[in-house]
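Supplied in structure tokens, the structure appears directly below.
Just so it is clear, none of the values below were taken in a lab; they were calculated from the coordinates. Only a predicted model underlies this, so the values are computations on that prediction, with no experimental measurement involved. Quick reminder, even Gly has a Cβ in these numbers, built from the backbone with ideal geometry, and neighbours come from all protein chains shown.
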Amino acid sequence: MSGIGQGFWEAWRLIFTFDPALYEIIFLSLQVTVSATIIASVIGLPMGAWLAVNRFFGRRYVIAVLNALMGLPPVVVGLFVYMALSRAGPLGGFGLLFSPMAMIIAQVIIITPLIASISHQTIRDLWAEYHDLLISMNATRYQRMQALLRDGKRALLTATLAGFGRAIGEVGAIMIVGGNIEHATRVLTTAIALETGKGNFAFAMGLGLVLIVLAVIINLAIHIIGKTERASTW
Amino acid sequence: MVSLLPLQLCGATAHMRGKKLVGPVDYTLEGTGLTMVIGPNGAGKTTFLRLMHGLQRVSGGELRWAVSAIQARQKQAFVFQTPIMMRRKVLDSLAFPLLLRGMGKAEARSKARQCARRFGLKDLLDSWAPMLSGGEKQRLSLARALIIEPEVLFLDEPCANLDGSATREIEGILQRAKLAGTRIVMASHDMGQARRLADEVIFFHKGRVHENARAGVFFSAPVTREARAFINGEIVE
């Protein structure tokens, strides 16, 4: 058990000695994951709303596939993105492989289905409540989606945070497409994998604790911001 | 301005999952005043209103406004039995129908403020709509329906869950709307309310217009046995 105790100590030391390497890694982790979460939300939230208010042939299958994609293996996504971005790949010309941008792309692919699926479930419930009113008021399809996204924003935060949670803890895909290059693409999770591999268990533990604390702080902060905006149950 | 009335129903029918709920109904909605749709539970009053408003698909026969269906929809509003409260403040709830019509945000909000004053909602503008009391919710629903100045207003038992004073407030609003020229069609199974408000009565029974007359005539001399029994407070099945 002394390994875990050492881990706590190491985490403490890393944070309060303002270890520049650590803060660089934290900053990059946040940069990549926050960007990916924002992009995936911009795609996934309207997609969820669209699926909730539109009836079309095969809708059930689209939703079933979306739910299945929530469990997309990150390693496989990493492989696909790697092949697409590698020199010989269709997007090779942009030279994005082993860059933070490649990591963002991979994370967006991983968490967009998650955000779309959760927001679809949320918005479907709100749509059941609003259906008659919005039809009666002659709202266009676009206006319906707009109203549902606006009024469901409190609940949709959960979808976004779930996406953030999955992205910040993800390692398989960003390891492949980012390459875990020091000062360039090394983030918390890939650093943990590396340090564990090298046998630096205490350091890896320290990074792990930092990662967990970071995730908790971000979630709390967003919930607090969400609540101060409007004091009520939603 | 071209009126959307008369609304003509010729053998109009409504089905849900193969079961006939309403019809065939022949009826013409025209003139002015307030038409009260009364009848026992399950007679199809709600479906009848929804059918006219366009929330329920016409599965047989014909339903025709004097203008195109799209134009007609712009000039009518519906108040539901259970108020549907949007998850936003009273001010934003009131402004919503105006925003849907493409009005600018500032103008819509200032109109919503004026409207709130008229409906006694002034002090509630910053309240969260789902947190209002039952009476306040229904008053907000009415204000939200009337803010677009509809030519025809449908109400489905708006006072069903309200107490006396809240009901009186709603009835006062309806009287004023009627005087302002809004054509009102309302379902109720409160006979007292029907007597207080109605100019015309439709007695709905088993999915059909069983009897239709001016209010004075209907209450003093109902023609059918069922209507007579219903007025006398007997149980009509």
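Rank the residues A:Val53, B:Val25 as a footprinting-exposure proxy: fewest other Cβ atoms within 10 Å of their Cβ go first.
Values: A:Val53 19, B:Val25 22.
Least crowded to most crowded, the residues run A:Val53, B:Val25.
So how far apart, in nm, are the two label points at A:Val62 and A:Ile43 if each is 7 Å from Cα heading toward Cβ?
Label at A:Val62, label at A:Ile43, 1.6 nm between them.
How long are the semi-axes of the equivalent ellipsoid of the range A:2-229, defined as square roots of 5 times the Cα gyration tensor eigenvalues? Whole Å, largest first. List each step's numbers first, then the result.
Numbers: eigenvalues 270, 99, 37 Å².
Working from the Cα gyration tensor, I get semi-axes of 37, 22, 14 Å.
Take the cross-link list B:Lys45/B:Lys178; B:Lys89/B:Lys178; B:Lys20/B:Lys137; B:Lys178/B:Lys206; B:Lys111/B:Lys137; B:Lys45/B:Lys122 and give me the ones stretching past 23 Å between alpha-carbons. Don't skip to the answer; put the middle values down first.
Values: B:Lys45/B:Lys178 21 Å; B:Lys89/B:Lys178 28 Å; B:Lys20/B:Lys137 32 Å; B:Lys178/B:Lys206 29 Å; B:Lys111/B:Lys137 19 Å; B:Lys45/B:Lys122 33 Å.
Violating the 23 Å limit, Cα to Cα: B:Lys89/B:Lys178; B:Lys20/B:Lys137; B:Lys178/B:Lys206; B:Lys45/B:Lys122.
Starting from 0.36 nm per residue, how many nanometres of slack lie between B:Glu30 and B:Arg118 once their C-alpha separation is accounted for? Mind showing how you got there, number by number?
Working: separation 88, 0.36 × 88 = 31.68 nm, distance 2.75 nm.
Extending this stretch completely gives an extra 28.9 nm.
Right, next: Dipole size in debye (nearest 20) for the protein assembly as shown around its Cα centre, Lys and Arg Cβ +1, Asp and Glu Cβ -1? Don't jump to the answer; show the numbers that get you there.
On the way: 50 positive and 33 negative charges, 193 e Å.
I would put it at about 920 debye.
Run the simple label-point estimate for A:Arg124 and B:Thr82 please: 7 Å along Cα→C-beta, distance reported in nm.
In this crude label model, A:Arg124 to B:Thr82 measures out at 2.0 nm.
Additional query: Using a Förster distance of 22 Å, how high is the FRET efficiency between A:Thr196 and A:Leu30, based on the Cβ-Cβ distance and rounded to 0.05?
Working: r = 22 Å, r/R0 = 0.98.
Efficiency computed from Cβ-Cβ geometry: 0.50.
If you don't mind, another one. At what distance in nm do the modelled label points of B:Ser59 and A:Ala184 sit from each other, each positioned 7 Å from its Cα along Cα→Cβ?
Placing both labels 7 Å beyond Cα along the Cβ direction yields 6.7 nm.
How big is the charge dipole of chain A about its Cα centre, in debye rounded to the nearest 20, if each Lys and Arg gets +1 on its Cβ and each Asp and Glu gets -1 on its Cβ? Write out the running numbers ahead of the final one.
Details: 16 positive and 11 negative charges, 143 e Å.
The calculation lands at about 680 debye.
Please compute, for peptide B:77-84, the average count of beta-carbon atoms on other protein chains lying within 10 Å of each residue's beta-carbon.
Values: counts 3, 5, 1, 3, 0, 1, 1, 7.
Mean partner shielding for this stretch: 3.
Then there is this: Return A:His120, B:His205 ranked ascending by Cβ neighbour count within 10 Å, so the fewest neighbours appear first.
Numbers: A:His120 24, B:His205 21.
By the 10 Å Cβ count, ascending: B:His205, A:His120.
Would you compute, from DSSP H runs of 4+ residues alone, the mean residue ellipticity of chain B at 222 nm, taking -39500 (n - 2.57) per run and dividing by the full residue count, rounded to the nearest 500?
Details: 9 runs with 89 residues, N = 237.
About -11000 deg cm²/dmol.
Hey, if you put +1 on the Cβ of every Lys and Arg and -1 on every Asp and Glu Cβ in the protein assembly as shown, which of B:Met36, A:Met47, A:Val187 ends up farthest toward the positive end of that dipole?
B:Met36
For an R0 of 60 angstrom, estimate the FRET efficiency from the Cβ-Cβ distance between B:Glu149 and A:Arg87 and round to the nearest 0.05. Show your work: numbers first, answer last.
Details: r = 65 Å, r/R0 = 1.09.
Plugging the Cβ-Cβ distance into 1/(1 + (r/R0)^6) gives 0.35.
Using the Kyte-Doolittle scale, find the helices of chain A whose mean hydropathy is at least 0.5 and whose Cα atoms extend 30 Å or more along the helix's long axis, counting only whole DSSP H runs. Walk me through the intermediate numbers first.
Numbers: long enough: A:20-53 (49 Å, 1.62); A:100-136 (47 Å, 0.90); A:201-229 (42 Å, 1.98).
Qualifying helices, which must be both long enough and hydrophobic enough, are A:20-53, A:100-136, A:201-229.
Sticking with this one: Rounded to the nearest 0.05, what FRET efficiency do B:Ala106 and B:Lys206 have when you use their Cβ-Cβ distance and R0 = 60 Å? Spell out each step's value before the answer.
On the way: r = 51 Å, r/R0 = 0.85.
That pair, B:Ala106 with B:Lys206, gives E of 0.75.
Percent relative contact order of the range A:97-184, based on C-alpha pairs within less than 8 angstrom and at least six residues apart?
Values: 54 pairs, mean separation 54.0, N = 88.
Answer for the range A:97-184 is 61 percent.
What shape does the range B:88-131 have by the C-alpha gyration tensor, where a ≥ b ≥ c are the square roots of the eigenvalues, rounded means a/c under 1.5, and otherwise prolate means a/b greater than b/c and oblate the rest?
Working: a/c = 2.38, a/b = 1.44, b/c = 1.65.
Oblate.
Still on this structure, please answer the following. How many Cβ atoms of partner chains, on average, are near each residue of A:127-137 if near means within 10 Å of its Cβ?
Values: counts 0, 0, 5, 4, 2, 7, 10, 4, 6, 14, 11.
Counting Cβ atoms of other protein chains within 10 Å of each residue's Cβ and averaging gives 6.
Sort out for me the Cα centre separation of the range B:165-182 from the range A:92-169, rounded to whole Å.
43 Å
I've got another one for you. Run the numbers on the range A:2-229 and let me know its relative contact order in percent, using alpha-carbon pairs under 8 Å that are six or more apart. Present the calculation step by step, with values, prior to reporting the outcome.
Numbers: 284 pairs, mean separation 75.6, N = 228.
Across the range A:2-229, relative contact order equals 33 percent.
Place a +1 charge on the Cβ of each Lys and Arg in chain B and a -1 charge on the Cβ of each Asp and Glu, then give the dipole magnitude about the Cα centre in debye, rounded to the nearest 20. Walk me through the intermediate numbers first.
Working: 34 positive and 22 negative charges, 148 e Å.
The calculation lands at about 720 debye.
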